[in-house]
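Student: Provided herewith is a single structure, encoded as structure tokens, for subsequent inquiry.
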Amino acid sequence: MYVNYLQELKEHLHFDQLVVPLPVLQHDAKLVASNKPPYPYSPQEQRDCSTKNTTIWCDASAVSVTVDFRALADVHIPAVMLKKFLRELLEPLLTYDLFEPVTRLHNLDEERQLIEVKRLFREELPEDNYIILKYIIQFLTEVVDHSEQNKMTAMNLSVVFGPNLLWPKGQASLSSMGYLNSFTLYIIENFAELFDR
């Protein structure tokens, strides 16, 4: 058997149970980055979505909706809407395939954890999911920047959003929920290092 990338080994081995030397992981990351296909959509095919202050509009097929959250007089509505969007996805934003690897990250040392999370995002997370995740985590880091006023620390946000970013196909255990919250905390606190593309 011959493989070009470590990712291909996962089809044949329990790769997450192997100890792969750091230089091998780094070399594989360089190979994947240099051979990764371009984003599959042309600018004309992409949806045009943006936010401005408290007004949100999204024009996907000549339909636009404007919502002024100030008129609703409830600061919780945007968070509820974001959680509802994430929870109603057919598959979690971080995909079912990443559930097991994410719940095992706590066993790794800090340096190896960073490399593994970057690899998961780069090699296993679909490009569209990566882009959405990047914007959500960037938004959450901005919320954390104002935690003195809003009382939403990175830990609080990880408890609120962790279960909405990733869940298993079946029933989740309490310990796995703790790992998901820890993972969400980790990606919020390490946003700059993890989302460098």
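Nothing in this text is a laboratory measurement; each read-out follows from the coordinates by a stated rule. These figures come from a predicted structure and were not determined experimentally. Heads up, the Cβs are rebuilt from the backbone with ideal geometry, glycines too, and the neighbour counts pull from every protein chain shown.
Student: For the range 63-192, what does the relative contact order come out to in percent, with C-alpha contacts under 8 Å and a separation of six or more?
Tutor: Taking the mean separation of contacting Cα pairs over the length of the range 63-192, I get 31 percent.
Student: Also, quick follow-up: Using packing as a proxy for protection, rank 71-79, 117-125, 87-95, 183-191 so that the peptide with the highest average count of other Cβ atoms within 10 Å comes first.
Tutor: In descending order of packing, they fall as 183-191, 117-125, 87-95, 71-79.
Student: Step through the table entries Lys84/Lys169; Lys30/Lys84; Lys118/Lys151; Lys83/Lys169, compare each Cα-Cα distance with 27 Å, and write down the pairs that go over it. Each step should come with its number before you reach the end.
Tutor: Numbers: Lys84/Lys169 18 Å; Lys30/Lys84 37 Å; Lys118/Lys151 29 Å; Lys83/Lys169 18 Å.
Check vs 27 Å cut-off fails for Lys30/Lys84; Lys118/Lys151.
Student: With an 8 Å cut-off on Cα pairs and a minimum separation of 6 or more residues, tell me the relative contact order of the range 87-153 in percent. Present the calculation step by step, with values, prior to reporting the outcome.
Tutor: Numbers: 20 pairs, mean separation 18.8, N = 67.
It comes to 28 percent, rounded to a whole number.
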